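The structure under discussion appears below in the form of structure tokens.
The values are calculated or read from the model by the stated rules, or taken from the named source; none is laboratory data. The model shown is predicted, which means the values in this text are computed figures rather than measured ones. Cβ coordinates were reconstructed from backbone atoms using ideal geometry, including for glycine residues, and neighbour counts include every protein chain displayed. For the accessible areas, the whole protein counts, side chains as well, though only heavy atoms, and no ligand, DNA or RNA atoms are used. Shrake-Rupley method; radii C 1.70, N 1.55, O 1.52, S 1.80 Å.
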Amino acid sequence: MNETRFRWRNRQLREHAAVIGGSSAPTKLIKNTTYLNVYLKQWMTGHIWLYEDRIIYTGKELPSNTDGTEIIEGKDSYIVPGYIEPHAHPFQLYNPQSLAEYAAETGTTTLINDNLMWLFLTKKEKAFSLLEEFMNLPATMYWWARFDSQSALRDEDKEAFDVQIPDWIEHDAVIQGGELTAWPDVLHGGDEQILHWMQETKRSRKPLEAHLPGASKKTLVKMRLLGMDSEHESMTADDVINRLEIGYQTGLRYSSIRPDLPEILQGLQEKGHTHYDHLMYTTDGSTPGFYREGLINQCVKIAIDAGVPEIDAYMMATYHPARHFGIENRVGSLNAGRVAHLNFLRDPKDPTPHSVIGKGEWVKREDKSLQEETLIEWEKNGIEPLDLDWEVSDEDMQFSMPIGMEMVNDVIMRPYAIDIDASAERLSNETHEAFLMLMDREGEWMVNTLIKGFTHSLGALVSSYSNTGDLILIGKSRSDMKKAFKRMNEIGGGIVLVNEGEILFELPLPLGGVMSELPLNELIVEENRLKECLNEHGSSFTDPVYTLLFLSSMHLPYIRITPLGIMDVKKKEVLFPSIMR
């Protein structure tokens, strides 16, 4: 088992020290290279010694013993530490394995991951077993401990969710609590349970991450007093300055839904901001197509192009997040004792590496992938294809709700008064309204209404991909919706589009009905096909995957469709309850 996430054993530590003494040889030696020392904030020249998955030495000295050592000439490369993604959502159609493998090839070799889907998809013990298996990936994988579900759950589901949280907080692979999207419940609603979990996380010496879009200074201060350490929802340079002033480690976001980084950095430059020690980048769980050019390497390039000094731009991707999470003794630098994550660059102004070493092994060399396949025991750990033993009936498709959901953008929904006849077999293409159903994957309850702005002509989209793992049905045609539902079940879960009885698109998601097994570069192509198909049928927006994910998310305005029913987000009131089947 790879030990780099927690500790090396005594025997390994003795072997590492023996390399310095010359009784053992390094496994790799990179000679005559230029490398970034983040502690001195300098480019330096010299040699880097690796022993298996650990950096043994960087400096001017050469090892006295090179018996069996792989010698790598580094004179044409600049070497920087592997990049860190401090805020990953590893289930946006992709899965943790496919994201980590793709990220590593583009230089992001450490990911701090959301654990939300494990709380819905499998038992805690099996989720922890998966975390152990992910240790064998080329990237180092850490995790968060969520305190809230982002949606409004039924009592039995909330109890099953909550009971898992204390053990996640204590797990060695978990290095932060949050992100806390239910902060209004804590600050204004008096939620003592979440506040207790926050304090237990701090007792474990792990930081807390807030989710505070548009928050006032007073709110930022109050949440800091309650224990929050970092925040990633800045949309402007002023937002960033406000958070830094109060003492937050501040994430600069460049994501598919909020690509704010260029404007933020331009604003910071205009303000004469020169202190970057408490800043880090995040791509915040972008959908597959946004990663066409990589992850954190994109952010570093944007920063350099915006005028951020090169070394500061790299340190925001490496040392600063490592220090914040208390893992600087493991990752974030090229100093002795760190995990051997190295990015080889042709030029400091181009942060996309031509070669990558992850955990001491070649991930990519001279732009050619060298990754070996990692076997993950998905089904053994409860992540299985969907296999529903029930079907959608005509009786389920009753749409008498007076209030529908109108799309403001990809993720924000506002209520509107339904004034069309929703009893027809197929709704008219002259309106952008479509049927909308949220159904329990166990088939016990459903919520029906209409959605405006998603399509003007598509017969059906059925998805087992959602925030809670429940099922989403959208479309103009009742018969197309039933056919799409049936096909979705046949392929073990996924996203299926049907129009006038014809299957237009299908994306199997056999990992719990939520995640694809495809490599990310192939998934990027499939997501683009999904977007093209939806655009042909009048989709008004650009990120349908996020639309599906956030239909039930209670941290976004104004109205949501949840397992409890149609809900007013601000008032936390059920406007129309879900119906038992």
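For the stretch 384-397, the criterion of being under 32 Å from the mean Cα position of the chain (by Cα) and in a strand (DSSP E or B) is met by no residue. Taking the stretch 38-53 as the range and being over 21 Å from LYS359 (Cβ atoms) and either among the polar types (S, T, N, Q) or surrounded by 12 or more Cβ atoms within 10 Å (Cβ to Cβ) (or both) as the test, the residues that pass are LYS41, GLN42, TRP43, MET44, THR45, GLY46.
So is LEU208 surrounded by fewer than 19 Cβ atoms within 10 Å (Cβ to Cβ), aliphatic (A, V, I, L, M) and within 27 Å of ALA127 (Cα to Cα) or not? Here the answer is no, as LEU208 does not meet what is asked.
Contact map, the stretch 172-183: first residue open to solvent by 10 Å² or more (accessible area, probe 1.4 Å) and among the aromatic types (Phe, Trp, Tyr), second residue at pLDDT 95 or above and in a strand (DSSP E or B), Cβ cut-off under 9 Å, separation 6 or more or different chains; pairs are TRP183/ALA210.
Using the structure shown, decide if GLY289 is in contact (Cβ under 8 Å) with a residue 60 or more places away in the chain, at positive phi and of a type outside the set (D, E, K, R). No: the conditions fail for GLY289.
Of all residues in the stretch 405-428, those being open to solvent by 30 Å² or more (accessible area, probe 1.4 Å) and either within 17 Å of LEU548 (Cβ to Cβ) or more than 36 Å from the chain's Cα centre (by Cα) (or both) number 12. Looking only at the stretch 157-169, count how many residues are assigned to a loop (DSSP other than H, G, I, E, B) and within 27 Å of ILE327 (Cβ to Cβ). Of the residues in that region, 1 qualify. Every listed requirement among (1) surrounded by fewer than 17 Cβ atoms within 10 Å (Cβ to Cβ); (2) among the acidic types (Asp, Glu); (3) assigned to a loop (DSSP other than H, G, I, E, B) is met by GLU263 save one, (3).
Inside the stretch 353-398, residues that are open to solvent by less than 70 Å² (accessible area, probe 1.4 Å) and closer than 18 Å to THR108 by Cα make up a count of 14.
Looking at the stretch 535-556, is at least one residue in contact (Cβ under 8 Å) with a residue 12 or more places away in the chain, outside any loop (DSSP other than H, G, I, E, B) and of a type in the set (Ser, Thr, Tyr)? Yes. Among the residues of the stretch 516-525, those identified as farther than 19 Å from PRO259 by Cα, in a helix (DSSP H, G or I) and open to solvent by less than 40 Å² (accessible area, probe 1.4 Å) are LEU520, LEU523. Residues in the stretch 113-156 that are touching a Gly at 6+ places or on another chain (Cβ under 7 Å), open to solvent by 10 Å² or more (accessible area, probe 1.4 Å) and not in a helix (DSSP H, G or I): 3 in all.
Of the listed requirements (1) under 36 Å from the mean Cα position of the chain (by Cα); (2) of a type outside the set (D, E, K, R); (3) farther than 17 Å from ILE357 by Cβ; (4) surrounded by 14 or more Cβ atoms within 10 Å (Cβ to Cβ), ILE56 misses just one: (3). Collect the residues in the stretch 59-86 that are crowded, with 24+ Cβ neighbours inside 10 Å and out of contact with any Lys or Arg (no Cβ under 8 Å at 6 or more places or on another chain), keeping them in residue-number order. Listed by number, the residues that qualify are VAL80, GLY82, TYR83, ILE84, GLU85, PRO86. Of all the residues in the stretch 248-258, those that are open to solvent by 40 Å² or more (accessible area, probe 1.4 Å) and out of contact with any helix residue (DSSP H, G or I) (no Cβ under 8 Å at 6 or more places or on another chain) number 1. Quickly run through the stretch 481-513 and pick out the residues that are free of Cβ contacts under 8 Å to residues at least 60 places away in the same chain, small (Gly, Ala, Ser) and surrounded by fewer than 19 Cβ atoms within 10 Å (Cβ to Cβ). Selection gives GLY501 alone.
What number of residues within the stretch 476-498 satisfy the criterion of being touching a Leu at 6+ places or on another chain (Cβ under 6 Å) and not β-branched (Val, Ile, Thr)? Result for the stretch 476-498: 7.
For every residue, the table says whether it meets (1) modelled with pLDDT under 95; (2) out of contact with any helix residue (DSSP H, G or I) (no Cβ under 9 Å at 6 or more places or on another chain).
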{"site": "LEU137", "(1), (2)": "no, no"}
{"site": "TYR142", "(1), (2)": "no, no"}
{"site": "GLN150", "(1), (2)": "yes, no"}
{"site": "GLU159", "(1), (2)": "no, yes"}
{"site": "PRO166", "(1), (2)": "no, no"}
{"site": "VAL174", "(1), (2)": "no, no"}
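For the stretch 237-247, state whether one or more residues are in contact with a strand residue (DSSP E or B) (Cβ under 7 Å, 6 or more places away or on another chain), at negative phi and surrounded by fewer than 21 Cβ atoms within 10 Å (Cβ to Cβ).
Yes, the stretch 237-247 contains a residue that is in contact with a strand residue (DSSP E or B) (Cβ under 7 Å, 6 or more places away or on another chain), at negative phi and surrounded by fewer than 21 Cβ atoms within 10 Å (Cβ to Cβ).
In the stretch 454-473, the residues that are farther than 23 Å from TYR94 by Cβ reach residues that are open to solvent by less than 10 Å² (accessible area, probe 1.4 Å) and of a type in the set (Lys, Arg) with C-beta atoms within less than 9 angstrom, at least six apart or across chains, in these pairs: THR455/LYS476; HIS456/LYS476; SER457/LYS476; LEU458/LYS476; GLY459/LYS476; ALA460/LYS476.
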